[in-house]
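The values are calculated or read from the model by the stated rules, or taken from the named source; none is laboratory data. On a predicted model such as this, the values are computed, not experimentally measured, just so you know. Here the Cβ is made from the backbone with ideal geometry for all residues, glycine too, and neighbour counts use every protein chain on show.
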Amino acid sequence: MAYDIYLKKNEEKRIVEGHSWVYDNEVAKIEGKDKNGSLASVWSYNGRFIGKGYINHASKILVRIFIRGNETDDEAFYLEKISAAWEYRKCLGYGNCCRAVFAEADGLPALIVDKYGDYLSVQLLSLGMDLRRQLITDCLVKIFSPRGIYERSDVAARKKEGLAEVKGLLYGEVPDFAEIDENGIKMLVDIKNGQKTGYFLDQKENRFAARRYAAGGEVLDCFCNSGGFSLNCATVAKSVTACDISPLALENVQKNSALNGFTNITTLCGDAFETLRSFRREGRKFDLVILDPPAFCKSAAEVKDAYRGYKDINIQGLKLVKSGGFLITCSCSHYMTPTLFERMLTEAAKESGRTVRGVEVKTQAPDHPSLLCADETHYLKFYVLNVV
């Protein structure tokens with residue numbers, strides 16, 4: 001007998017408005033019995049049907065709703081959902097590389113599919129999706145006809161679902177590096193060992209936007225990873241210093257630089273906080289400083305410490321910008337809200353002794369759409385400040 005989940009009184013508003021997560025502490029009672037990870041029906045306190053989703057008793061998110069009607073989670077359903085997600089991307093001009101499926105935003109919670117040329121990189125972030133690995137793989141093969149599919153579910157988020165981290169080949173063959181085209185730049189993406197699914201596709205448009213602020217100048221790119229911002233800036237900049245704590249990331253920067261024939265990129269291995277302070281002591285200045293750190297907070301409890309970290313690094317970054325130059329600063333944590341981030345930047349400007357003007361504010365690329373009813377899907381902040 002399938003599970004029926006009844007919410008506590010007055011707990012349905014957020015979910016009825018479109019949010020897909022049902023937390024265990026929002027539930028009044030559970031009826032029925034089935035396998036963990038099976039499809040469960042969710043009802044309001046007074047018995048009104050809300051939707052269906054996969055249940056996981058090991059997670060605080062008890063159910064992730066993705067069906068609001070009479071549909072069933074068969075192959076035809078997945079083919080329709082994934083095809084619709086892909087058609088949306090194609091309508092926007094995406095093809096060679098993009099996020100093809102973005103979980104809740106595409107009606108498939110906990111499923112991430114990134115396209116790198118002829119290859120797909122997949123993350124299954126819930127028990128329900130994990131149990132349907134082969135079904136999802138079969139659908140992806142039918143829709144994309146890829147040369148290979150690689151799973152990159154080696155992320156800490158799976159622990160919250162009671163799942164082990166997993167990575168490995170799902171279909172065909174996948175090389176160590178896949179070549180993509182980003183804004184006219186050739187990029188080698190480390191699908192098997194790169195961060196996340198191999199590359200941060202959500203900053204694609206922002207990396208292109210950075211070019212106008214780098215033109216003819218000296219650029220410092222902190223937390224450069226495999227060099228997305230560095231390479232885009234190198235098309236127009238006098239010089240680019242790419243800094244990262246990972247030797248592997250910098251090796252990838254060098255490979256990508258050589259692939260494009262760039263001779264104006266220098267790599268520097270080290271902690272970004274220390275690197276910024278070192279440049280300050282040396283009296284170095286740059287026309288553009290880029291700060292694109294990993295998420296400093298992955299829970300609400302970490303916001304206070306993260307706020308200090310963001311402010312510290314932005315103070316140091318602002319001190320290195322030449323008068324008239326620019327600071328590009330980012331945050332990829334949804335817990336660091338735009339309001340908090342702007343307050344932090346205001347304090348950082350004051351404490352660094354610099355006067356700044358807001359120039360441009362952007363978010364994640366259109367292949368990472370967000371849901372107005374779910375703050376978690378609207379996470380990336382990209383600010384351009386003019387230091388006068």
Item checked: Residue tally, condition in contact with a Ser or Thr (Cβ under 8 Å, 6 or more places away or on another chain) and within 12 Å of Asn183 (Cβ to Cβ), over the range 224-239 -> 2
Item checked: Selected residue (only one of Asp176, Asp202, Asp181, Asp190 is within 15 Å of the chain's Cα centre (by Cα), more than 30 Å from Asn36 (Cβ to Cβ) and either outside the structural domain of Ile61 (by TED's automatic domain parsing) or of a type outside the set (A, V, I, L, M, F, W, C) (or both)) -> Asp202
Check: Only one of (1) over 30 Å from Gly117 (Cβ atoms); (2) under 23 Å from the mean Cα position of the chain (by Cα); (3) in a helix (DSSP H, G or I) fails for Lys81. Which number is that?
Finding: (1)
Check: Quick check: anything in the range 2-24 surrounded by fewer than 14 Cβ atoms within 10 Å (Cβ to Cβ), modelled with pLDDT of 95 or more and among the polar types (S, T, N, Q)?
Finding: no
Margin query: Go through (1) farther than 30 Å from Ala58 by Cβ; (2) free of Cβ contacts under 8 Å to residues at least 40 places away in the same chain; (3) among the polar types (S, T, N, Q); (4) not in a loop (DSSP other than H, G, I, E, B) for Asn232 and report which single condition fails.
Written below: (2)
Next item on the list: Among the numbered conditions (1) at pLDDT 95 or above; (2) within 27 Å of Val141 (Cβ to Cβ), tell me where Gly95 comes up short.
Entry: (1)
Next item on the list: Inspect all residues belonging to the range 115-134 and state whether any of them is surrounded by fewer than 23 Cβ atoms within 10 Å (Cβ to Cβ), within 23 Å of Asp73 (Cβ to Cβ) and under 18 Å from the mean Cα position of the chain (by Cα).
Entry: yes
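In the range 334-380, what count of residues is obtained for those that are outside any loop (DSSP other than H, G, I, E, B) and touching a strand residue (DSSP E or B) at 6+ places or on another chain (Cβ under 7 Å)? Walk me through how you get there before you give the answer.
First, pick out the residues of the range 334-380 that are outside any loop (DSSP other than H, G, I, E, B): 338-352, 356-362, 371, 374-377.
Imposing the further condition that a residue be touching a strand residue (DSSP E or B) at 6+ places or on another chain (Cβ under 7 Å) reduces the set to 338, 341, 345, 349, 356-362, 377.
Qualifying residue count for the region: 12.
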Next item on the list: Would you point out which residue out of Gly325, Gly358 is surrounded by fewer than 16 Cβ atoms within 10 Å (Cβ to Cβ), within 23 Å of Phe208 (Cβ to Cβ), in the same structural domain as Lys204 (by TED's automatic domain parsing) and modelled with pLDDT of 95 or more?
Entry: Gly358
Next item on the list: Return the only residue of Val253, Val303 being in contact with a Gly (Cβ under 6 Å, 6 or more places away or on another chain) and free of Cβ contacts under 8 Å to residues at least 40 places away in the same chain.
Entry: Val253
